[in-house]
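Report on the following structure.
Quick note: the coordinates plus some simple rules give every number you see, no bench work behind them. The structure presented is a predicted model; accordingly, all values stated were derived computationally and were not measured. All Cβ positions, even for glycine, are placed from backbone atoms using ideal geometry, and neighbour counts span all protein chains on display.
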Amino acid sequence: MILPITYEKEPSLHRPSQPVTAITNEILDLIDDMFETMNQSNGIGLAAPQVGKNIRVIIVDTQQKKSKPFALINPEIVHAEGEQVYEEGCLSCPGLSGNVKRAARVTVLGLDENSDDIKIEAENLLAVVLQHEIDHLDGILFIDRLSEEEKEKVEKQRNLRKM
Ligand code: NI
């Protein structure tokens with residue numbers, strides 16, 4: 001089932017999400033629906049608050065060779081190093097994009113749908129997506145992380161969008 005995506009002003013996008021305490025059928029159904037929703041919008045990542053659920057679930061599909069889509073429950077960045085800048089967008093902020101400075105490499109722990117421990121060592125785009133989606137779980141959007149200069153650029157995009 002395709003779920004409605006929440007946009008910028010929705011309170012669910014700005015508050016911290018709760019950890020998942022049990023991976024119930026309801027959570028598994030949510031993950032299925034999130035994949036369907038993300039694929040329909042051709043996204044490369046989606047976090048549960050973007051479909052109005054304030055729980056710590058993300059899905060990722062960088063659509064790169066050799067990568068396969070995955071869900072991560074209660075993801076946590078346990079190590080971050082280096083620096084990279086990537087032009088990000090977000091399904092919750094249609095028409096907006098800006099350069100965001102993030103860690104170049106991250107190590108992320110979490111659970112998969114079977115409650116198995118997952119450890120991901122990520123760099124490049126995967127590291128960006130993981131940091132972006134985990135930010136969503138803390139109520140942070142990429143537009144909250146922009147430099148003043150990038151913020152101005154996004155404001156111009158916003159004005160164009162209104163025309
Ligand atoms: Ni996003």
*Is the range 2-115 best put as rounded, prolate or oblate by its Cα gyration tensor, with a ≥ b ≥ c the root eigenvalues, rounded for a/c under 1.5, and otherwise prolate when a/b is larger than b/c, oblate when not?*
rounded
*Dipole magnitude of the chain about its Cα centre, charges +1 at Lys/Arg Cβ and -1 at Asp/Glu Cβ only, in debye to the nearest 20?*
520
*Any idea what the relative contact order of the range 1-133 is, in percent, if you count C-alpha pairs under 8 Å spaced at least 6 apart?*
22
